[in-house]
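A.B. asks: Following this message is one structure expressed as structure tokens.
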Amino acid sequence: MDPEPKEKNSRQRILESACALFVNNGYHGTSTRDITNQIGLSPSTLYSHFKTKEEIFVAVLEIYHPWLIIPSAVENARGNNVDEIVRSAADGMLQEWDKQPDLIRLHLIESVEFRGRHLPELFDNTFKKMTEAVEIMIAANNELHSINVDILTRALLGLFFAYLMTDRYSEVQFRTGLGGNAFDYFTDAYLKGIASQSGIDSNKKDRKQE
């Protein structure tokens with residue numbers, strides 16, 4: 001019997017268990033024994049995959065950190081213009097976010113317990129994946145060819161970061177009066193900025209409908 005699938009399965013089980021425990025108890029509140037006890041593995045099996053608990057945490061961040069849903073949402077977005085594509089990406093992102101909203105705690109744990117030590121590399125990886133997704137998106141749509149890749153990448157990341165942290169995660173009810181249309185207002189603001197920087201007439205579609 002090929003041991004490779006079993007090894008991959010045990011590694012994945014360790015990461016799934018660790019992720020759940022980190023989210024619930026924090027990094028320092030979780031031990032490697034907690035992780036192995038939860039899934040019935042021996043400590044030696046865990047250490048055959050990871051040398052330290054921090055190595056496990058970093059591996060969890062690389063898979064489960066909520067930033068990582070943004071590039072995949074953009075990559076899978078569909079539409080005939082930047083407005084439709086951004087809204088499609090937003091819908092996909094929010095659907096994925098709502099499946100596991102507690103994963104934002106990984107970001108907070110890293111920020112507090114590690115003082116953001118791993119965030120620069122994580123952001124670089126996210127930005128790289130996001131840039132690749134945006135390049136594919138622009139290449140596939142003639143209307144987007146005039147848009148600067150870097151501008152659109154930063155705008156989309158800023159849009160999603162802002163919305164997730166101020167509306168989706170925060171328990172504070174911001175007095176915006178926007179209700180359920182909050183994301184539409186976020187999106188409109190960013191789209192106008194993209195249009196002004198890229199020479200796109202953001203009112204073109206509206207005039208066609210008049």
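The values are calculated or read from the model by the stated rules, or taken from the named source; none is laboratory data. Predicted model, so just to flag it, every value in this text is computed and none were measured. So basically every Cβ, Gly included, is an ideal-geometry build from the backbone, and we count neighbours across all protein chains shown.
A.B. asks: Within the stretch 25-47, work out how many residues are of a type outside the set (Phe, Trp, Tyr) and either under 30 Å from residue 133 (Cβ atoms) or in contact (Cβ under 8 Å) with a residue 40 or more places away in the chain (or both).
C.D. replies: Number satisfying all stated conditions: 2.
A.B. asks: Let me spell it out: the conditions are (1) closer than 30 Å to residue 112 by Cα; (2) not assigned by TED's automatic domain parsing to the domain that holds residue 108, and residue 69 meets all of them except one. Which number is the exception?
C.D. replies: The single condition residue 69 does not satisfy is (2).
A.B. asks: Consider residue 11 carefully, then state whether it is assigned by TED's automatic domain parsing to the domain that holds residue 101 and among the basic types (Lys, Arg).
C.D. replies: Judged against the criteria, residue 11 is not a match.
A.B. asks: Name the single residue, out of those in the stretch 63-72 being surrounded by 15 or more Cβ atoms within 10 Å (Cβ to Cβ), touching a residue at least 40 places away in the same chain (Cβ under 8 Å) and not polar (S, T, N, Q), that is nearest to residue 141 (Cα to Cα).
C.D. replies: Going through the qualifying residues, I end up with 71.
A.B. asks: Another question, if that's okay. Could you list all residues from the stretch 96-122 that are of a type outside the set (A, V, I, L, M), over 27 Å from residue 75 (Cα atoms) and in contact with a Phe, Trp or Tyr (Cβ under 9 Å, 6 or more places away or on another chain)?
C.D. replies: Once the filter is applied, which keeps residues that are of a type outside the set (A, V, I, L, M), over 27 Å from residue 75 (Cα atoms) and in contact with a Phe, Trp or Tyr (Cβ under 9 Å, 6 or more places away or on another chain), the stretch 96-122 yields 113, 114.
A.B. asks: Take the stretch 40-74 and flag every residue that is of a type in the set (Lys, Arg) and assigned to a helix (DSSP H, G or I).
C.D. replies: Step one: list which residues in the stretch 40-74 are of a type in the set (Lys, Arg), which gives 51, 53.
Listed by number, the list holds a single entry, 53.
A.B. asks: Note down all Cβ pairs under 8 Å where the first residue falls in the stretch 136-155 and is in contact (Cβ under 8 Å) with a residue 24 or more places away in the chain and assigned by TED's automatic domain parsing to the domain that holds residue 77, the second is not aliphatic (A, V, I, L, M) and not in a helix (DSSP H, G or I), and they're at least six residues apart or on different chains.
C.D. replies: 141/79; 141/80; 141/81; 143/80; 143/81; 144/81; 146/199
A.B. asks: Determine whether residue 114 is over 22 Å from residue 146 (Cα atoms), at pLDDT 95 or above and either in contact with a helix residue (DSSP H, G or I) (Cβ under 8 Å, 6 or more places away or on another chain) or assigned by TED's automatic domain parsing to the domain that holds residue 162 (or both).
C.D. replies: Yes; evaluated as a whole, the condition is true for this residue.
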